[in-house]
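Asker: Mind having a look at this structure? Questions to follow.
The values are calculated or read from the model by the stated rules, or taken from the named source; none is laboratory data. As the structure is a computational prediction, the values presented were derived from the model and not from experiment. When we count neighbours, we look across all protein chains shown, and the Cβ atoms used for this are built from the backbone with ideal geometry, even at glycine. We work out accessible area using only protein heavy atoms, side chains counted, and drop any ligands, DNA or RNA first. Shrake-Rupley method; radii C 1.70, N 1.55, O 1.52, S 1.80 Å.
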Amino acid sequence: MGISREQVVETAVRLLDEVGLEGLTLRRLAAELDVQAPALYWHVRNKRELLDLMAEAIVATTRPKALGRPAHGQPWWEWLAERSRAGRRALLAHRDGALVAAGNRPTAAALPGIEQVLAELVAVGFPPAEAL
């Protein structure tokens, strides 16, 4: 039976919680999934891409509530602070979660959320460069 990219990422996040970033290797991840290490390369190009996907998965736990638009009349700074606190909670919920996220590059799936924040800040008067 094959594995999916989602299984690879979920297992990597679980393994991160167990052994930390230093203990997370592609070889160990493959063993956990009961496959040979080269099989992982069907799903991720390299460990850097895996870490980017893991960061996205960790932060995604905050999306249902925190990714919404500001409530009517809610100041932008309160909305942004809520989003930041939710992201912090997500990172702290995983061993070395902040280390994983600190080195990540946004994936294509993360871009709409980033663009939403920028659009909201521009809508309240920030110049685009300042919003960024």
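Asker: Does Glu49 meet the test of being part of a helix (DSSP H, G or I) and open to solvent by 40 Å² or more (accessible area, probe 1.4 Å)?
Answerer: Details: part of a helix (DSSP H, G or I): yes; open to solvent by 40 Å² or more (accessible area, probe 1.4 Å): no.
For Glu49, the condition - part of a helix (DSSP H, G or I) and open to solvent by 40 Å² or more (accessible area, probe 1.4 Å) - is not met.
Asker: Residues of region 20-44 being without any contact (Cβ under 8 Å) to a residue 24 or more places away in the chain and not charged (D, E, K, R), which ones?
Answerer: Gly23, Leu24, Thr25, Leu29, Ala30, Ala31, Gln36, Ala37, Pro38, Tyr41, Trp42
Asker: Looking only at region 70-123, how many residues end up being in a loop (DSSP other than H, G, I, E, B) and surrounded by 14 or more Cβ atoms within 10 Å (Cβ to Cβ)?
Answerer: Of the residues in region 70-123, 5 are in a loop (DSSP other than H, G, I, E, B) and surrounded by 14 or more Cβ atoms within 10 Å (Cβ to Cβ).
Asker: Also: Looking for something under 16 Å from Leu24 (Cα atoms), at pLDDT 90 or above and not aliphatic (A, V, I, L, M) - is there at least one such residue anywhere in region 65-84?
Answerer: Among the residues of region 65-84, not one is under 16 Å from Leu24 (Cα atoms), at pLDDT 90 or above and not aliphatic (A, V, I, L, M), which makes the answer no.
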